[in-house]
2 protein chains.
Amino acid sequence: MLSEKQRQKDREKFLTTRRQFLKLGTAMGGAAGLFALMNKKHTAEAVTSKALGSRVRQLGYEEGWLGTSRIVGPIQRTSEADHGFYLAARGFFGEDAKTQVTRFIPKHPLGGAISSMRTFIATEAAVTGNPAQRKLSIPDPKRMTEHIKKTAKFLKADEVGVGILPSYALYTHRAPPLPKVLYEGSASLEDLTPVVNNHPYVICILVDQNLETMLGSTGYDGISGSQSMMSYLTSGLIACTLAAYIRNLGYSARAHHCANYELALPPALISAGLGEMSRTGESVLHPRLGFRHKAAAVTTDLPLEPDGPIDFGLREFCAKCRKCAEHCPSGAISFEEEQTVYKGYMKWVNSIEKCTQFRVGNRDGSSCGRCMKVCPWNNKEDSWFHSAGAYLASTRSGLAATLLKEIDDMFGYGTEVVEQYRWWLEWPELY
Amino acid sequence: MLSEKQRQKDREKFLTTRRQFLKLGTAMGGAAGLFALMNKKHTAEAVTSKALGSRVRQLGYEEGWLGTSRIVGPIQRTSEADHGFYLAARGFFGEDAKTQVTRFIPKHPLGGAISSMRTFIATEAAVTGNPAQRKLSIPDPKRMTEHIKKTAKFLKADEVGVGILPSYALYTHRAPPLPKVLYEGSASLEDLTPVVNNHPYVICILVDQNLETMLGSTGYDGISGSQSMMSYLTSGLIACTLAAYIRNLGYSARAHHCANYELALPPALISAGLGEMSRTGESVLHPRLGFRHKAAAVTTDLPLEPDGPIDFGLREFCAKCRKCAEHCPSGAISFEEEQTVYKGYMKWVNSIEKCTQFRVGNRDGSSCGRCMKVCPWNNKEDSWFHSAGAYLASTRSGLAATLLKEIDDMFGYGTEVVEQYRWWLEWPELY
C-alpha cells in the first residue's frame, strides 16, 4: 500500500482542469499542424481514421511468434486458480488483498450492481449447449466470417476479430467461482475442473469502457470497477448470444466471459488481430481503443477465416514510451527497454502481486484503471495522436516514439481530468 | 393471411435499389434547400440536430391529458393475459396464430438465440430485490435525475426519460410466461397474479433497433424478430442493472422488461417524455428514433424530477400522413383522420388481431416491422426530413404534414431497400 504522502504526490499529477485542457488542445492542434508539415506527403492520408487501418500490418501465423510476441519455448498453460484475483483470494498476496478481493468492486454501488448482473449469464446453460441437429452448409468461410462480425456489431460489439485458437490460451483447469473459493479459505486442487476444448477458432469481442468516463477519472475514484464490469457484462452477453446463434446454425460454440472462462484472453485477442501485447505485460492494446476495453470470446468449430495477428508498431513504441510504468500507482509495470523470457515467451514482465494488491486494496477508489487512462493510445479515433502516431509508430522508429511521448507529456495529455465527465457518485467512506 | 398475389403486390412497393436511392438523395437535398429558402429565418436553427430539441415542447401533467393523448374517462387497466401475443396463445386469433406464436421469433436462428438470452434476466431475482439498508440522502432530485440518466447512458441506453408512473399503466394482473400458457392450452384466471406496485416514478430506457438493418429490411425477411429481441434484451439488461443500482442506493426499484413486466409501456413512455402516441395506436414514436426502438423501464421511489410528456406535433402529423396504414401488410392500422374513444382515452384504434395474426403467421419472414420502416420518422438524426419536419411539424399545420409526406413518398423514402445493409442470413424454408 502507498503511504498517504505518496498518494498525495501521485494525485498531483492529475491537476489539469477542463479550461487548461482546452487551452492545451489548441497548442496540441498546433503540434498536429507541425506534424502535418513535417510529413506533408503522408499526412493527408494519416489524418483520417481510415489511415489507421492502412498502417496496421496483417502478420499471419508464423512459427515462433504470436503476432509481435516472440515464443522461445513451449508456452506453459496456466490454471485459472493461478490468476491474480484467485491468488489474492487464496492468500498469496497477504491478508488485506484476501479480505478485499470480493468487495473491491461491490463496495461502489454501481460497480456492485453491474457485477451482480454477471451472475445471470455465468451458468453453463448461458455459455454452452448442444448444436442444432440441422447443420448449415458453409461453402465460403470468408463470407461466414464477415457475417459473424456483422452479427457481433449488430449485437453492439465495438470491435470483433477472428483467430485460430492458440492451444496455450486454454487454462489447464477451471477454478470454482471466486466467492466460493474465498468462503472455503483456499482453492483446493479437488475443486478444479480440467479444461477440454477442441474448438479450432476463437471469435473475440471488445466493448469500449467509455472514453468520457475515462477522461474524468484518475484511478483514485469509484468508477474504474464500474467501467470494467459494464464492458465485461456487455461483451459477455454478446458472446453468449453469438455462441447460441452459432449453435442454432448447427455448430459447436462456447462463450467465455469474465464470469465463466475456459481460457486466458490475451493470446486469443492477439490471434484474432485485436491488438499487440503491451508494456503492461498483461493487457492487449487495440490500435483504436488502447486499453479502454474489456473482452469476451466464443470458441467454435464453425468454419471461419481467421484475421490473424496484427502489427501497428506497438512493441517499438512501448519500448520507448514507459508512460504506464511512470504513472502506475503500484509500481507493477516494468521500466526495462528489453523484454525478458516468461513461461516460454518474451514480454515485459509485470508484478501481478503489486497490481492486484493495489487494485483490490485501493482505499481511494474501486479498482484502478490508471494504465488505461495515461496510455497515449486511450484516445479518440480521430485525435491528432492517433493520426500522427499511427503513421510514425508504423515507421518502427524509437526516435518517433520518444518524440510523440514527450509531446504527449508536455501537454498533460492522458493525465487531464475533465470535470464535466465526472458524472458518477463518489462514496469515499465505503472505500 | 394475405394471398400470394397480395403479397407480391405489397413487395413491389420495395423496389428502390441503392443506386436509385442515392440519386433520389440528391434530389431530396434540393428539396431540403427549397425548404431552407422558404423558411430562411428558422432554417439555420432547424438544420442542426440540436434544433430538434428546441422544437419539442415540454407539456407537464394536465388533468384530462397524458401528453397529447386526450383522456375522456377513467382508463381501464388491462391484464397482461389480454395482450396480443397472449390472446393469440389463448386461441382468440385462430389456430394458425395459436400454433405460430411461440415459434415466430425462434424460427430464425438469430432471433431465437437472442430471445433465449432473455430468459436469464426474466427471474424475480434479476428484476427486483431488497433495497440496501443504508439510504443515500437526496437533497436535490433534479441532480439525481441527471445522474440516473447519465448512468443509463453509460450502461448503453440510447434514450432515457423520467416520468410520474401513471397508475393505469400498471397491469391489473400478470400472466404466466407465454410458453407455459401455450402448453396449458389457455391461461386460466387462477394463474394470474395481481399487480401491486406503489412506486411514484418510472424511468424509461430506449434502445435503437439499428438504422442500417432497418434500411435493408422490408418485413418480408428474417430480421425483424432479431431487431426486436436485440433491443428488448439490451434495454432489459440495462433496466435490471439500473434497478439493482437504485436498490444499492437504499431505494425500492423494480425493472420491467419484455420477459417480466408489471406494466404496459406506452403510457410510461409518454409520461417520461420519450414520444407521443402515433397512428399505429400501439407504439410511442420518439422524435429522433421514430418507432425504431424497444423499451424497458424501472419503477422506483427514488426521489426524481420527472421530465413529463412532450409535444413535437406528431398528432397533427399522423392525422395527415397515414403512410404506416398504407403500407401495413395486415391492414391493422386505421385510416381515419379523427381519433376515437378507446378504454377511456382517445386514439387511432388499430386491430390487434390483424397485427398479431400477420406477425406471428408471417410465412415470408420472422415478425414484421413494416410500420417502423416506412414511418418518415425512422431516420437519421441529422437528415433533412428531421430538420425540416421538426420545424414544420411543430407548426401543427396539416398542410405542412401533407406536403412533407408527399415529398417523402415521391422519392421512395422509407420504402427503399439498401442492399448493402442486408447482412443477415435468410432462411425462408423455416418461415
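Residues that are more than 9 Å from chain A (Cβ to nearest Cβ) and not basic (Lys, Arg) within the stretch B:109-118 comprise B:GLY111, B:SER115, listed in sequence order.
Counting only helices (runs of 4 or more DSSP H) that sit completely within the stretch A:208-311, those holding 1 or more residues that are within 14 Å of chain B (Cβ to nearest Cβ) and among the hydroxyl-bearing types (Ser, Thr, Tyr) correspond to A:211-216, A:224-248. Put simply, of B:ALA89, B:ALA81, B:ALA97 the only residue that is crowded, with 21+ Cβ neighbours inside 10 Å, closer than 18 Å to B:ARG174 by Cα and in contact with a helix residue (DSSP H, G or I) (Cβ under 7 Å, 6 or more places away or on another chain) is B:ALA89. Going through (1) away from chain B (no Cβ under 14 Å); (2) modelled with pLDDT of 95 or more one by one, A:SER188 falls short only on (2).
When the stretch A:277-287 is filtered for residues that are surrounded by fewer than 24 Cβ atoms within 10 Å (Cβ to Cβ) and in contact with a strand residue (DSSP E or B) (Cβ under 7 Å, 6 or more places away or on another chain), only A:GLY281 remains. Scanning the stretch A:312-334 for residues that are farther than 17 Å from A:PHE358 by Cβ and in a loop (DSSP other than H, G, I, E, B) gives A:PHE312, A:GLY313, A:ARG322. Across the stretch B:153-178, what is the number of residues that are more than 14 Å from every other protein chain (Cβ to nearest Cβ) and either of a type outside the set (A, V, I, L, M, F, W, C) or touching a helix residue (DSSP H, G or I) at 6+ places or on another chain (Cβ under 9 Å) (or both)? Matching residues across the stretch B:153-178 total 18. Looking at A:VAL160 and the list (1) assigned to a helix (DSSP H, G or I); (2) within 27 Å of A:ASP208 (Cβ to Cβ), which single condition is not satisfied? It fails just one condition, (1). Counting the residues of the stretch A:327-355 that are in contact (Cβ under 8 Å) with a residue 40 or more places away in the chain and more than 24 Å from A:TYR232 (Cβ to Cβ) gives 10.
The number of residues in the stretch A:120-152 being surrounded by fewer than 20 Cβ atoms within 10 Å (Cβ to Cβ), under 23 Å from the mean Cα position of the chain (by Cα) and facing chain B (nearest Cβ under 9 Å) comes to 1. Taking the criterion of being more than 23 Å from B:LYS343 (Cα to Cα), in contact with a Pro (Cβ under 9 Å, 6 or more places away or on another chain) and of a type outside the set (A, V, I, L, M, F, W, C), the residues of the stretch B:281-305 that qualify are B:GLY290, B:THR299, B:THR300, B:ASP301, B:PRO303, B:GLU305. All told, A:ILE205 falls short of being surrounded by 24 or more Cβ atoms within 10 Å (Cβ to Cβ), within 12 Å of another protein chain (Cβ to nearest Cβ) and in contact (Cβ under 8 Å) with a residue 24 or more places away in the chain.
Every test in (1) surrounded by 19 or more Cβ atoms within 10 Å (Cβ to Cβ); (2) out of contact with any Lys or Arg (no Cβ under 7 Å at 6 or more places or on another chain) is passed by B:TYR61 save one, and that test is (1). Only one entry in B:LEU263, B:LEU289, B:LEU269, B:LEU233 is modelled with pLDDT of 95 or more and within 12 Å of the chain's Cα centre (by Cα), namely B:LEU269.
The values are calculated or read from the model by the stated rules, or taken from the named source; none is laboratory data. Source: prediction; values computed, not measured. Because the Cβ atoms are built from the backbone with ideal geometry, glycine has one as well, and the counts that use them run over all protein chains shown.
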